[in-house]
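Structure, as structure tokens:
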Amino acid sequence: MSSIQHQSPVMCSVHRDSPMTEQPGGPIPPFSTIYIERSPLEKQAKEAIEQPGCLLRIKSPKKMGKSSLIGQVKTHAIGLGYRIVHLDLHRVDSNILTNLNSFLRWFCKTLSYQLQLECELEDYWNEDIGSKISCTAYLYNYILEKLETPLLLVISEIDCLFEHPQIYQDFLLLLRSWYEEAKQEESIQKLRLILSHSTEIYIPLKIHQSPFNVGLVLQLTPLNLQQTQALVHCYGFSSTLSETITNQLYEWVNGHPYLTQLALYHLVKQIEVNSETPEVKLAHLIEESVTLSGIYSDHLRRCLIHLKQNQELATAFQYVVEIDDAITLDPILAYQLESLGLVTLIGNKVICSCQLYRQYFRTYKLDIIDQHPLIHHLRQLEKQNLTLKSLSETDELTGLANRRWFNNMIEQEWQRLGHQNNSLSLLLVDIDYFKVYNDLYGHPAGDVCLQKIAQALTECVNRSTDLVSRYGGEEFAILLPMSNNQGGVQVAQRIQKQIKALQITVKNSQIICFPEDVVTVSIGVASIIPSSDFNWRDLVEAADRSLYESKRTGRNRITVSQTFSRLNE
């Protein structure tokens, strides 16, 4: 049996002047102890700005860490000797946004000001040839000519321009032209562009796709389980506590960086003045977080406002939160809900992003939404679908999911966890010498044995995302999302203990080679972080080979696959 070595986490102490004692919400400084890298995003961004004439776009819903990532990239650029200009379009005066000419003049003057160059705009500005050509001439022939090193130009909150179509359409076309020309003209390859924007703006503007599809795009994702645990460690919790806190938080907010950090901040603050244990205090925070006075009230209220402004979108999301499984929506509605960060895409289906959203929007329904005829119709269809699903995807004898449903779920989880860079574990469980048991005691007794073991397996998993299924005959499959080899082994050990405790006795076990005097099981464990280099069938094959090894070496044992061990390190 393979063993898993557990390394003690590095602990971080919390000081009064630490960023951990500040209310979360703003960018995390580049060298902060609580900045958690979301590999490979940082690496991709840093490598991108090293390419001549690059254009990097960073997008996500609000509070996902765009500004913090930009801070990391700017620090890297300083190390490379680049000059840096950062234009935050939130700071542009409204009178400048009245027309393209005034905006581009502001753009050129601000470049000069931040680079500490004399403004010579009037020497290049010509009303007869237009503001776009004048702006380009000033950038190419003056700004870039003056610089000896590359210029990293960061334009953040560019979504502020989306409300001014008379500006943003021409300005984005201008940026595109600079990017395209840099592929051919070496003289302007010193310009490196980063644009960032929040995707919520798509909703009020009725934009059904990104308004600027050029360059390398990085869409920020939630923290995975390991990254969440790293953040918990940095808030000073012990190894024992960190796993419990991580699991509770991850199941509730699914790795949302701001929501996770906010909970940890309040948890640390309350522990300082309260004698309750961290586990109890976190449970209280989570329980109260869906109330109007909870720690997430402002964030949830903003989500609610977005939905109230679009009844069709609100109706669709009300349907999403009432169904626990992934469902199919109109593609445009699915895209808009993902832009708000309210759903996660799984193939062509969507599922609510986290339990916090599900519980909040189940509790605070909008009356006009709840009574909408579409909701009633969808509920009736869902009841019919659930009945059909029960008939076609459930094993009749054990009540577990059948092989067909297992195949469907592992494919969905493969896509979801691959997107999140999270691990997926699979256990294949086989009843030792079950055919012999059937011959000794008859098929009715064999059926009872299968039913008891199915129930025991169900009791050994404790998360709503885990799946226990009858894989075939006397073999069962257990799918453990967000679990590595160590987690899989822990579940496997519980299973062996639980099944022995059933005391399904076997007479004359030594004569007929049963491992013990009671029914036992052999288990194969495999774990992987899904990627395009493999598919879910590779994971099944690895678990099956481990199960075969358990049976070959005497049965009644657990074998862990080493096929993907390097990938999971």
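The values are calculated or read from the model by the stated rules, or taken from the named source; none is laboratory data. From a predicted model like this one, the values you see are computed outputs, not experimental measurements. Cβ coordinates were reconstructed from backbone atoms using ideal geometry, including for glycine residues, and neighbour counts include every protein chain displayed. Accessible surface areas use protein heavy atoms only, side chains included; no ligands, DNA or RNA. Shrake-Rupley method; radii C 1.70, N 1.55, O 1.52, S 1.80 Å.
Name the one entry in Asp439, Asp432 that is surrounded by 16 or more Cβ atoms within 10 Å (Cβ to Cβ), over 30 Å from Leu223 (Cα atoms) and modelled with pLDDT under 95.
Of Asp439, Asp432, the one residue that is surrounded by 16 or more Cβ atoms within 10 Å (Cβ to Cβ), over 30 Å from Leu223 (Cα atoms) and modelled with pLDDT under 95 is Asp432.
Listed here are the residues, each with its yes/no results for (1) crowded, with 18+ Cβ neighbours inside 10 Å; (2) outside any helix (DSSP H, G or I); (3) in contact (Cβ under 8 Å) with a residue 40 or more places away in the chain.
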| site | (1), (2), (3) |
| --- | --- |
| Thr260 | yes, no, no |
| Leu267 | yes, no, no |
| Gln270 | no, no, no |
| Val280 | no, no, no |
| His299 | yes, no, yes |
| Ile305 | no, no, no |
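On the basis of being in contact (Cβ under 8 Å) with a residue 12 or more places away in the chain, part of a helix (DSSP H, G or I) and farther than 20 Å from Thr553 by Cβ, does Gln498 make the cut? Yes.
For (1) in a helix (DSSP H, G or I); (2) among the charged types (D, E, K, R); (3) farther than 12 Å from Leu307 by Cβ; (4) open to solvent by less than 10 Å² (accessible area, probe 1.4 Å), each residue gets a yes or a no:
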| site | (1), (2), (3), (4) |
| --- | --- |
| Val320 | yes, no, no, yes |
| Leu329 | no, no, yes, no |
| Leu333 | yes, no, no, no |
| Thr344 | no, no, yes, no |
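Matching residues to (1) out of contact with any Lys or Arg (no Cβ under 8 Å at 6 or more places or on another chain); (2) on the phi < 0 side of the Ramachandran plot:
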position: Glu157; (1), (2): yes, no
position: Thr199; (1), (2): no, yes
position: Leu218; (1), (2): no, yes
position: Leu223; (1), (2): no, yes
position: Tyr235; (1), (2): yes, yes
position: Pro257; (1), (2): no, yes
position: Leu262; (1), (2): yes, yes
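Can you find a residue in the stretch 115-135 that is under 30 Å from Leu41 (Cα atoms) and part of a helix (DSSP H, G or I)? No, every residue in the stretch 115-135 fails to be under 30 Å from Leu41 (Cα atoms) and part of a helix (DSSP H, G or I).
Please enumerate the residues belonging to the stretch 236-252 that are buried (at least 20 other Cβ atoms within 10 Å of the Cβ) and farther than 14 Å from Leu356 by Cα. Give the steps one after another, and end with the answer.
Keep residues of the stretch 236-252 that are buried (at least 20 other Cβ atoms within 10 Å of the Cβ), which gives 237, 242, 245-246, 249-250, 252.
Residues satisfying the conditions are Phe237, Ser242, Ile245, Thr246.
The residues on offer are Ile78, Ile143, Ile133, and the sole one that is among the hydrophobic types (A, V, I, L, M, F, W, C), farther than 30 Å from Pro222 by Cβ, open to solvent by 50 Å² or more (accessible area, probe 1.4 Å) and at pLDDT 95 or above is Ile133.
Would you mention how many residues in the stretch 514-535 are touching a Leu at 6+ places or on another chain (Cβ under 8 Å) and either under 30 Å from Pro40 (Cβ atoms) or surrounded by fewer than 19 Cβ atoms within 10 Å (Cβ to Cβ) (or both)? Residues that pass the stated criteria total 8. Modelled with pLDDT under 90 and acidic (Asp, Glu) - does that describe any residue in the stretch 45-57? Scanning the stretch 45-57 turns up no residue that is modelled with pLDDT under 90 and acidic (Asp, Glu). Each residue in the stretch 191-235 was checked for being at pLDDT 90 or above, within 24 Å of Gln51 (Cα to Cα) and open to solvent by 50 Å² or more (accessible area, probe 1.4 Å), and 3 of them qualify. Can you tell me which of (1) assigned to a strand (DSSP E or B); (2) open to solvent by 20 Å² or more (accessible area, probe 1.4 Å) is the one Val85 doesn't meet? That leaves (2) as the condition not met. Would you check if Val448 is under 23 Å from Val519 (Cβ atoms), surrounded by fewer than 22 Cβ atoms within 10 Å (Cβ to Cβ) and either among the charged types (D, E, K, R) or touching a residue at least 40 places away in the same chain (Cβ under 8 Å) (or both)? For Val448, the condition - under 23 Å from Val519 (Cβ atoms), surrounded by fewer than 22 Cβ atoms within 10 Å (Cβ to Cβ) and either among the charged types (D, E, K, R) or touching a residue at least 40 places away in the same chain (Cβ under 8 Å) (or both) - is not met.
Checking the condition farther than 18 Å from Leu547 by Cβ, among the aliphatic types (A, V, I, L, M) and not in a helix (DSSP H, G or I), which residue from Leu397, Leu427 passes? Talk me through it step by step, then tell me what you get.
Working: Leu427 fails: farther than 18 Å from Leu547 by Cβ.
Going through Leu397, Leu427 in turn, the sole match is Leu397.
Listed by first and then second residue, the pairs linking a residue in the stretch 452-469 that is under 18 Å from Thr520 (Cα atoms) to a residue that is open to solvent by less than 60 Å² (accessible area, probe 1.4 Å) and among the basic types (Lys, Arg), with Cβ atoms under 9 Å apart and 6 or more places separating them unless they lie on different chains, are Ala454/Arg470.
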